[in-house]
Ligand code: HXC
């Protein structure tokens, strides 16, 4: 808890203050707040910050989110990234007002939403800390993250059907893989939401926490991950992510190749040597 207390001393800051503290360069952000958290400032926190629209994911917000992710991805001190929203809404979906008058031609020719899945290509672990509504694109954004922590009052849903459309950022695929066909079908076809507790039971969420501690808990998880070798963590993430893409045989083959590759790293040697010498490992591979 002391670590959290210390981390809490650093207030959320817009990008200008972030830059003033000497962190890596980036543009001024309008829709998100970024900060480094944790005792060693090695967890990047991105807070979606469009409160009047319940963090509806407008194009500008998604562009900024991607820029912040890239900044943390390139920062060698950052070992994990947390994405969160407000207590009322993680994100209430793609911006319906922005989409209202779009035509098929614009969507198709412009490859609408093609930049949305950037988070799923980040090599470092990304944790979603979800309070309130995670609907439509908001639920899809959470599912692109590697771990989802939910506050007790969080609600997850894919209500696009109520708007005459369907999920377009992986909802039909990732939700089905996470919770199974029957529940995914029910949610996508009816637009019904599920609670944090139901989401945990179904396997969408790994832990449910009190509303006011879910972000801190996600940061603690990020700190714990950051203490491991950053390089090996990314390799482990790639292996687990393979389970979503590949057959069992292909996935096992990928895992074996990646496992072998760890033997080319200093950190694998250090980890095993530290165990044998009964000391704490000092990982250095970035
Ligand atoms: C734009 C949104 C929005 C959204 C809320 N707002 N959700 N604006 N896009 N997705 C705006 C409202 O218009 C309103 O602003 C303000 O946020 C507060 O919302 P209220 O509806 O007044 O709040 P409340 O009564 O508390 O209801 C909360 C809610 C409801 C249940 C979450 O807002 C809601 O149903 N929102 C839409 C959820 C949804 O359908 N999401 C899927 C979007 S489609 P104003 O200024 O008008 O008062 C999608 C497609 C993904 O995500 C495809 C690929 C990415």
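All of the numbers you see were taken from the coordinates with simple rules; none came from a lab. These figures come from a predicted structure and were not determined experimentally. Cβ placement follows ideal geometry from the backbone for every residue including glycine, while neighbour counts extend to all protein chains displayed.
Computed quantities for the displayed model
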item: Tilt relative to the chain, helix 248-262 - C-alpha long axis, 0 to 90 degrees, to 10; result: 40 degrees
item: Relative contact order, percent, region 147-286 [alpha-carbon distance under 8 Å, six or more residues apart]; result: 23 percent
item: Cα-only radius of gyration and Dmax that characterise region 174-238, units Å; result: 15.3, 44
item: Rounded tilt (10° steps) of 230-242 against the dominant C-alpha axis of the chain; result: 40 degrees
item: Average Cα contact separation per residue, region 72-155, under 8 Å, 6 or more apart, as relative contact order %; result: 39 percent
item: Alpha carbon convex hull of region 18-121, projected area averaged over orientations, nm²; result: 7.6 nm²
item: Cα gyration tensor shape of region 164-279, rounded if a/c is under 1.5, else prolate or oblate by comparing a/b with b/c; result: oblate
item: Approximate shape of region 73-154 as ellipsoid semi-axes (Cα gyration tensor, √5λ), whole Å, largest first; result: 25, 19, 8
item: Cα gyration tensor category, rounded, prolate or oblate, for region 200-267 with a/c compared to 1.5; result: oblate
item: With 5 Å bins from 0: P(r) over region 53-212, alpha-carbon pairs, percent; result: 2, 9, 19, 23, 21, 15, 8, 3, 1
item: Sorted largest first, extent of the chain alpha carbons per principal axis (Å); result: 63, 50, 39
item: Rg/Rh ratio calculated on Cα atoms of region 117-184 (Kirkwood radius); result: 0.96
item: Sorted peptide list for 175-184, 261-270, criterion being average Cβ within 10 angstrom, highest first; result: 175-184, 261-270
item: The chain - mean residue ellipticity at 222 nm from DSSP helices (-39,500 (n - 2.57) per run, n ≥ 4, rounded to 500); result: -12500 deg cm²/dmol
item: The chain: angle of helix 181-190 to the longest principal axis, Cα-based, in degrees nearest 10; result: 40 degrees
